[in-house]
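FYI, it's all coordinate maths here, none of it is from the lab. What you see is a predicted model, and the numbers here were worked out from it, not measured in a lab.
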Amino acid sequence: MKNLLLAIFLILVSNSGFSQNIPNVQIKSLENKIVNTQDLFDGESLIILSFWATWCKPCIKELDAYNENIIDWAEETGVKLYAISIDNARSMSRVAPFVNGRGWEDIEFYLDPNEDFKRTMNVINVPHTLLLDGNGKILWQHTSYADGDEYELYDVIKEKSSK
């Protein structure tokens, strides 16, 4: 019986995490238009999903670092970056002015008003960054932020885009 339970557990573990595909969840653009998360994927481009919040200082540092690099990364590898705010209903109206004030013009921002997307992607804390293939399969993920973490992501992007 123990062996059977262990086998079931191992199968479940091997079928989760990095093999997970993107769920179809509704999020909103900063213009309040509903977007299905699966529509963010074109079947070809690598996608960076960065879950963040306006109150999260490491998130802001991470997005600053991504904003400094994303144009070069996109030109070299075709990667796209989507930042998903998990700000709640009370603070959600502050996201667009916050983003505009930071000058993050090269990042596409979305809102996850009920945290449905956050939950389905098993995001617990922010910042949480995921790299996915063009079909929504998770290739890499990272939580928290320290100066230089963006270069680790870039190395993974280069590796995965060359395959």
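Results, tabulated for the structure shown:
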quantity: When each of K28/K118; K80/K137; K33/K118; K28/K80 is checked by Cα-Cα distance, pairs over 20 Å; calculated: none
quantity: Hz values of 3J(HN,Hα) by residue in the range 34-40 - Karplus curve (6.51, -1.76, 1.60), Gly and Pro given as x; calculated: 6, 10, 7, 4, 5, 6, 6
quantity: 0 to 90° range, to nearest 10: angle between helix 149-161 axis and the chain longest Cα axis; calculated: 60 degrees
quantity: Mean ellipticity per residue at 222 nm, deg cm²/dmol - from DSSP H runs of n ≥ 4 across the chain, formula -39500 (n - 2.57); calculated: -11500 deg cm²/dmol
